[in-house]
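Notes follow the structure.
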Amino acid sequence: MKLVSFDVWNTLLDISVMLDELAVSIAKIGGICIIDVVDAIMTARNEVKRRRRNLEGDPDRALEESIELLADILDVRPEVVRRATAMAVLNVEEGIVIPGAEEALRGVKEMGMKVSVTGNVMFWPGSYTRLLLERFGLLRYVDVTFFSDEVRAYKPMREMFEMPLREFGVKAGEAMHVGDTYAEDFEGAINAGMWAAWINPDAKEIRKRGERGFEIPSVDRVVDVLKSIG
(Lines give C-alpha, C1' and ligand atoms only; values in the text may rest on other atoms or scores of the structure.)
Protein backbone atom coordinates (compact mmCIF):
# COMPACT_ATOMS: atom_id res chain seq x y z
CA MET A 1 0.00 0.00 0.00
CA LYS A 2 1.37 3.39 -1.00
CA LEU A 3 -1.44 5.85 -0.31
CA VAL A 4 -4.24 6.28 2.22
CA SER A 5 -7.02 8.77 1.54
CA PHE A 6 -9.11 9.99 4.48
CA ASP A 7 -12.60 11.44 4.52
CA VAL A 8 -12.93 14.38 6.94
CA TRP A 9 -16.29 14.62 8.65
CA ASN A 10 -17.01 11.85 11.19
CA THR A 11 -13.66 10.37 10.18
CA LEU A 12 -11.20 13.01 11.40
CA LEU A 13 -13.56 15.74 12.64
CA ASP A 14 -16.95 15.41 14.36
CA ILE A 15 -19.68 16.83 12.14
CA SER A 16 -22.19 17.07 15.00
CA VAL A 17 -19.91 19.48 16.87
CA MET A 18 -19.59 21.70 13.81
CA LEU A 19 -23.31 21.60 13.00
CA ASP A 20 -24.21 22.48 16.58
CA GLU A 21 -21.92 25.50 16.36
CA LEU A 22 -23.40 26.40 12.98
CA ALA A 23 -26.95 26.22 14.36
CA VAL A 24 -26.05 28.56 17.23
CA SER A 25 -24.43 31.00 14.81
CA ILE A 26 -27.38 31.05 12.40
CA ALA A 27 -29.81 31.52 15.27
CA LYS A 28 -27.82 34.51 16.55
CA ILE A 29 -27.32 36.18 13.20
CA GLY A 30 -30.79 35.49 11.81
CA GLY A 31 -32.77 35.87 15.02
CA ILE A 32 -34.33 32.44 14.46
CA CYS A 33 -35.40 29.85 17.03
CA ILE A 34 -32.52 27.40 17.33
CA ILE A 35 -34.86 24.40 17.21
CA ASP A 36 -36.07 25.56 13.80
CA VAL A 37 -32.48 26.05 12.66
CA VAL A 38 -31.47 22.55 13.75
CA ASP A 39 -34.45 21.06 11.90
CA ALA A 40 -33.60 23.05 8.77
CA ILE A 41 -29.97 21.96 8.82
CA MET A 42 -30.92 18.30 9.14
CA THR A 43 -33.51 18.59 6.34
CA ALA A 44 -31.06 20.30 4.00
CA ARG A 45 -28.25 17.91 4.87
CA ASN A 46 -30.37 14.82 4.18
CA GLU A 47 -31.54 16.23 0.85
CA VAL A 48 -28.01 17.12 -0.29
CA LYS A 49 -26.78 13.64 0.64
CA ARG A 50 -29.67 12.06 -1.27
CA ARG A 51 -28.87 14.08 -4.37
CA ARG A 52 -25.18 13.21 -4.25
CA ARG A 53 -25.83 9.54 -3.58
CA ASN A 54 -27.92 9.50 -6.76
CA LEU A 55 -25.40 11.72 -8.60
CA GLU A 56 -28.06 14.42 -9.07
CA GLY A 57 -26.08 17.36 -7.72
CA ASP A 58 -24.10 19.72 -9.94
CA PRO A 59 -20.37 19.17 -9.23
CA ASP A 60 -19.64 22.76 -10.28
CA ARG A 61 -22.02 24.06 -7.61
CA ALA A 62 -21.46 21.54 -4.83
CA LEU A 63 -21.12 24.25 -2.20
CA GLU A 64 -23.56 26.80 -3.58
CA GLU A 65 -26.40 24.26 -3.90
CA SER A 66 -26.25 23.29 -0.23
CA ILE A 67 -26.01 26.91 0.97
CA GLU A 68 -28.94 27.98 -1.19
CA LEU A 69 -31.05 25.01 -0.08
CA LEU A 70 -30.49 25.73 3.61
CA ALA A 71 -31.13 29.45 3.10
CA ASP A 72 -34.41 28.69 1.29
CA ILE A 73 -35.61 26.42 4.08
CA LEU A 74 -34.77 29.08 6.69
CA ASP A 75 -36.13 31.89 4.50
CA VAL A 76 -32.94 33.92 4.86
CA ARG A 77 -30.36 35.26 2.43
CA PRO A 78 -27.49 32.88 1.58
CA GLU A 79 -25.13 35.46 3.10
CA VAL A 80 -26.57 34.62 6.53
CA VAL A 81 -25.45 31.01 6.12
CA ARG A 82 -22.04 32.08 4.82
CA ARG A 83 -21.46 34.43 7.74
CA ALA A 84 -22.66 31.81 10.24
CA THR A 85 -20.23 29.21 8.91
CA ALA A 86 -17.35 31.66 9.34
CA MET A 87 -18.46 32.36 12.91
CA ALA A 88 -18.75 28.64 13.64
CA VAL A 89 -15.22 27.96 12.42
CA LEU A 90 -13.90 30.71 14.70
CA ASN A 91 -15.79 29.45 17.74
CA VAL A 92 -15.62 25.65 17.53
CA GLU A 93 -13.50 23.95 20.21
CA GLU A 94 -10.98 21.11 20.10
CA GLY A 95 -13.66 18.54 20.97
CA ILE A 96 -14.34 18.52 17.23
CA VAL A 97 -11.39 16.16 16.67
CA ILE A 98 -12.47 12.51 16.48
CA PRO A 99 -10.73 10.29 19.08
CA GLY A 100 -8.00 8.30 17.35
CA ALA A 101 -7.82 10.61 14.31
CA GLU A 102 -4.33 11.91 15.01
CA GLU A 103 -3.11 8.42 15.90
CA ALA A 104 -4.44 7.09 12.58
CA LEU A 105 -2.79 9.82 10.51
CA ARG A 106 0.50 9.56 12.36
CA GLY A 107 0.48 5.77 12.13
CA VAL A 108 -0.01 5.81 8.37
CA LYS A 109 2.79 8.33 7.89
CA GLU A 110 5.11 6.26 10.07
CA MET A 111 4.45 3.34 7.73
CA GLY A 112 5.90 5.43 4.91
CA MET A 113 2.67 6.02 2.99
CA LYS A 114 1.34 9.17 1.37
CA VAL A 115 -1.73 10.67 3.03
CA SER A 116 -4.50 12.65 1.35
CA VAL A 117 -7.74 14.17 2.58
CA THR A 118 -10.64 13.73 0.15
CA GLY A 119 -13.75 15.51 1.34
CA ASN A 120 -17.16 16.64 0.19
CA VAL A 121 -18.35 20.10 1.20
CA MET A 122 -21.69 21.21 2.57
CA PHE A 123 -22.62 24.70 3.87
CA TRP A 124 -18.98 25.86 4.19
CA PRO A 125 -16.04 25.79 1.76
CA GLY A 126 -13.22 23.28 1.83
CA SER A 127 -10.83 26.06 2.81
CA TYR A 128 -12.66 26.33 6.17
CA THR A 129 -12.25 22.59 6.74
CA ARG A 130 -8.57 22.85 5.81
CA LEU A 131 -8.24 25.65 8.38
CA LEU A 132 -9.78 23.43 11.08
CA LEU A 133 -7.46 20.54 10.22
CA GLU A 134 -4.51 22.93 10.53
CA ARG A 135 -5.82 24.58 13.68
CA PHE A 136 -6.12 21.27 15.51
CA GLY A 137 -2.81 19.83 14.36
CA LEU A 138 -3.99 17.20 11.87
CA LEU A 139 -2.78 18.74 8.64
CA ARG A 140 0.87 18.17 9.59
CA TYR A 141 0.36 14.51 8.64
CA VAL A 142 -1.38 15.22 5.32
CA ASP A 143 0.43 15.53 1.98
CA VAL A 144 -2.45 16.91 -0.10
CA THR A 145 -6.13 17.84 0.25
CA PHE A 146 -9.01 17.63 -2.22
CA PHE A 147 -12.35 19.32 -1.52
CA SER A 148 -15.44 19.21 -3.72
CA ASP A 149 -15.81 22.94 -4.22
CA GLU A 150 -12.19 23.25 -5.37
CA VAL A 151 -11.96 20.24 -7.69
CA ARG A 152 -15.54 20.31 -9.05
CA ALA A 153 -16.39 16.74 -8.14
CA TYR A 154 -17.87 14.99 -5.13
CA LYS A 155 -17.92 11.54 -3.61
CA PRO A 156 -19.07 8.95 -4.70
CA MET A 157 -17.99 10.17 -8.18
CA ARG A 158 -15.04 8.15 -9.48
CA GLU A 159 -13.15 11.34 -10.36
CA MET A 160 -12.95 12.33 -6.70
CA PHE A 161 -11.09 9.15 -5.75
CA GLU A 162 -8.80 9.27 -8.75
CA MET A 163 -7.37 12.70 -7.91
CA PRO A 164 -4.98 11.59 -5.14
CA LEU A 165 -3.97 8.60 -7.28
CA ARG A 166 -2.93 10.89 -10.12
CA GLU A 167 -1.21 13.27 -7.73
CA PHE A 168 1.25 10.60 -6.60
CA GLY A 169 1.22 8.27 -9.61
CA VAL A 170 -0.32 5.47 -7.54
CA LYS A 171 -2.48 2.66 -8.93
CA ALA A 172 -5.95 2.18 -7.47
CA GLY A 173 -4.98 -1.22 -6.07
CA GLU A 174 -2.13 0.41 -4.14
CA ALA A 175 -4.40 2.85 -2.28
CA MET A 176 -7.05 2.75 0.43
CA HIS A 177 -9.81 5.23 1.25
CA VAL A 178 -11.13 5.54 4.81
CA GLY A 179 -14.50 7.07 5.64
CA ASP A 180 -17.69 6.77 7.65
CA THR A 181 -20.30 6.95 4.87
CA TYR A 182 -21.04 3.62 3.21
CA ALA A 183 -22.33 4.94 -0.13
CA GLU A 184 -20.04 7.96 -0.52
CA ASP A 185 -16.82 6.58 0.95
CA PHE A 186 -16.88 2.79 0.93
CA GLU A 187 -18.78 2.04 -2.26
CA GLY A 188 -17.25 5.02 -4.04
CA ALA A 189 -13.71 3.82 -3.31
CA ILE A 190 -14.47 0.20 -4.20
CA ASN A 191 -16.04 1.27 -7.50
CA ALA A 192 -12.89 3.25 -8.25
CA GLY A 193 -10.81 0.09 -7.79
CA MET A 194 -9.32 1.11 -4.44
CA TRP A 195 -9.24 -0.66 -1.11
CA ALA A 196 -11.73 0.77 1.37
CA ALA A 197 -12.24 0.90 5.13
CA TRP A 198 -15.73 1.81 6.34
CA ILE A 199 -15.88 3.24 9.86
CA ASN A 200 -18.91 1.78 11.62
CA PRO A 201 -19.01 2.77 15.33
CA ASP A 202 -21.44 -0.10 15.98
CA ALA A 203 -18.87 -2.66 14.84
CA LYS A 204 -17.13 -4.55 17.63
CA GLU A 205 -14.09 -5.63 15.64
CA ILE A 206 -12.43 -5.43 12.23
CA ARG A 207 -14.36 -7.38 9.61
CA LYS A 208 -13.61 -8.10 5.95
CA ARG A 209 -16.22 -6.90 3.47
CA GLY A 210 -15.64 -8.28 0.00
CA GLU A 211 -12.29 -8.60 -1.74
CA ARG A 212 -10.90 -5.15 -0.96
CA GLY A 213 -13.14 -3.86 1.80
CA PHE A 214 -13.01 -3.69 5.58
CA GLU A 215 -15.36 -2.58 8.32
CA ILE A 216 -13.63 -0.98 11.30
CA PRO A 217 -15.03 0.30 14.63
CA SER A 218 -12.85 3.45 14.75
CA VAL A 219 -10.51 5.38 12.50
CA ASP A 220 -7.33 4.39 14.35
CA ARG A 221 -7.95 0.72 13.51
CA VAL A 222 -7.05 1.43 9.89
CA VAL A 223 -3.41 1.01 10.93
CA ASP A 224 -4.16 -2.59 11.96
CA VAL A 225 -5.87 -3.19 8.61
CA LEU A 226 -2.89 -1.84 6.68
CA LYS A 227 -0.49 -4.03 8.65
CA SER A 228 -2.62 -7.08 7.95
CA ILE A 229 -2.58 -6.65 4.17
CA GLY A 230 1.04 -5.49 3.89
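The values are calculated or read from the model by the stated rules, or taken from the named source; none is laboratory data. Computed from a prediction, not measured in an experiment: that's the story for all the values here. Cβ atoms come from the backbone with ideal geometry, glycine included; neighbour counts cover every protein chain shown.
Structural remarks
Yes/no matrix, rows are residues, columns are (1) buried (at least 16 other Cβ atoms within 10 Å of the Cβ); (2) hydroxyl-bearing (Ser, Thr, Tyr); (3) out of contact with any strand residue (DSSP E or B) (no Cβ under 8 Å at 6 or more places or on another chain):
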position	(1), (2), (3)
Asn46	no, no, yes
Ile73	yes, no, yes
Pro99	no, no, yes
Met122	yes, no, yes
Arg130	yes, no, no
Val142	yes, no, no
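- Residue within the range 198-216 that is small (Gly, Ala, Ser), crowded, with 23+ Cβ neighbours inside 10 Å, touching a residue at least 24 places away in the same chain (Cβ under 8 Å) and not assigned by TED's automatic domain parsing to the domain that holds Thr85 present: no
- Enumerated helices (runs of 4 or more DSSP H) restricted to the range 75-186, each holding at least 3 residues that are within 22 Å of Arg52 (Cβ to Cβ) and touching a helix residue (DSSP H, G or I) at 6+ places or on another chain (Cβ under 9 Å): 78-91, 126-135, 148-151, 158-168
- Consider the range 8-38 and keep the residues that are of a type outside the set (A, V, I, L, M) and surrounded by 21 or more Cβ atoms within 10 Å (Cβ to Cβ). The one that is nearest to Thr129 (Cα to Cα) is Trp9.
- Flag if Asp60 is assigned by TED's automatic domain parsing to the domain that holds Val117 and either surrounded by 17 or more Cβ atoms within 10 Å (Cβ to Cβ) or closer than 30 Å to Asp143 by Cα (or both): no
Each row is one residue, and each column tells you yes or no for (1) among the basic types (Lys, Arg); (2) not assigned by TED's automatic domain parsing to the domain that holds Asp185.
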| position | (1), (2) |
| --- | --- |
| Asp72 | no, yes |
| Asp75 | no, yes |
| Ala88 | no, yes |
| Glu110 | no, no |
| Val121 | no, no |
| Arg130 | yes, no |
| Asp149 | no, no |
| Tyr154 | no, no |
| Arg158 | yes, no |
